[in-house]
Amino acid sequence: MFSTLASFASVMTTILYVILAIVVLMVMITIHELGHYTIGKIFKFKINEFSIGFGKAIFSHKCKSGEIFSIRLIPLGGYCAFAGEDEDAKDVEGAFNTKPPWQRLLVQLGGVLFNFLSAIIFAFILLVSFGYDIYKVDNVGAQYQAQAEAGHYDIVQSSDVILAVDDKKVSFVEGNTFTGLIENYKVGDTFSLTVRRDGQEIVLDNVTKYYRINEEGQYIDKEGNVIPLEEADKTGVLGVTQISPYRYSFIEAVANCVPLTGAMAWKVLEFLGQLITGKVGLSDVGGPITTISTMAEYSQTNIANLFVFLPFIAVNLAVFNILPIPSLDGARMVFTTIEWIRRKPINRKVEGYIHFVGLMLLLAFVVIVDIYHLII
C-alpha cells in the first residue's frame, strides 16, 4: 500500500510540474503577443482579438472597443489578430495594412522586443536568486579546514568565489564554464585558481584536481559514492566537499544580466547554424511538447533549473521569431520592408499563401521532432 501511495504521489508530482512547465511556456508566449498588442495600441492599430492558446475558446470576453480577449483549449501558442493584416481593408479605420510601414515594422518587432526584455529580467532574477556560471565554495574537507585555521591562505577555503582557472575567466558570456575549464585536467593535475576572498582577488597556485572529498579524505562522486583514485578520470571537480552557484549582488546582476542574455542569444544562433550545417540532428531539437517535458523533468530535480530555463526560453522565442521564415515575425518584416522600398506591396494573397504554407511546414516540423523524441 505504501508503495502504491508513493507511486501515486510521484505521478501527481510529475503532473504538477508538467502543468507548471505549460504555464511557464504560455507566459512566454503571452509576453510575446503582448509586445505586438502594446505597440499596436500605441499607434492606434485596430485589434480584433488577443488570444492565449489555439483551438476552441474556453473563455472569451468582448470589450466595448470590439476587442476580444480569449483563452483557448490548446495551450501551445497564441496570437494577436490585427484587422486588415492579411488583406487590404482600406475602409476599416486602424487596419494593419493602412498604417505606415515603419509603424508596422515596430508592431511586428514588438513580440521579439518584449521577449528580449523579459529574458533580461529573468536573467537578473536568476543571477540574484540562484546564481549561474560562477561558483562559491561552501565547504572544504577537514584536512583543508585544519590548514586554513592554521593560517595557510594559499589553499581553497570556504566562501571562496571562483573567478578564473589558469587565468581563464569563468564566464558563460565568454564561453567559459567552470566545469568546462577544468574538464581537460586529469585527477592529480595542478592549475591556478583566481578566487575572491574577503573582497579581494587572490591567485592560488598549484591547486590539485580531485573529485569531491568527504570528511574521511576519500574521493566521492556527485552521488556520494567512494571512487578509488585509479578509477578517477578527467570529469572530477575540485577537492572540496561542496560548491554552489554564486549569487550575484544587485549591482553585479544589473551589470551582467544584459551580457548574459546576449550570450544566450548567440548560443541559440550557433545552434541554428549547426542545425543547418548538419552538426546537430533531430535528437537535439524539440518542439513545445519536448520543451514542456524537459522543463518538468529538470524542475523536479531542482527548482532552480526552472529559473535557468526562463531566460533561455524567452531568448529562444525572440531569436526564432526574428528569423525570415514564412509565418514568423521575421518574414513579415521582410515583406513590409520590401513594400516600404518599392512603395507598393507584394500581392496580399500571394503573401498570405506564403505565410500559410510556411506555417503548415513549421507545424509539421514541430510535430515530427516531438514525435521523434517520444519514440526514441
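We did not get these values from a lab; they are worked out from the coordinates using the rules stated. Note that the structure is a prediction, hence the values are computed from the model and not measured. All Cβ positions, glycine included, derive from the backbone under ideal geometry; neighbour counts span all protein chains shown.
What the table shows:
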{"read-out": "Subset of Lys56/Lys349; Lys186/Lys267; Lys99/Lys349; Lys41/Lys349; Lys41/Lys267; Lys64/Lys349 violating a 22 Å alpha-carbon distance limit", "value": "Lys56/Lys349; Lys186/Lys267; Lys41/Lys349; Lys41/Lys267; Lys64/Lys349"}
{"read-out": "Built amide H within the under 5 Å cut-off of Ile243, gap 5+", "value": "Asp138"}
{"read-out": "Inter-probe distance in nm under a simple model that places probes 7 Å from Cα toward Cβ, at Asp138 and Val203", "value": "3.1"}
{"read-out": "Approximate spin-label separation Leu117-Arg343, in nm, with each point projected 7 Å along Cα-to-Cβ", "value": "3.5"}
{"read-out": "FRET efficiency for Ala57 and Val367, using Cβ-Cβ distance with R0 set to 22 Å, rounded to 0.05", "value": "0.45"}
{"read-out": "Two-site label geometry, Phe356 and Thr294: point separation in nm, points 7 Å out along Cα→Cβ", "value": "3.3"}
{"read-out": "Span from the the stretch 334-367 Cα centroid across to the the stretch 26-75 one, whole angstrom", "value": "22"}
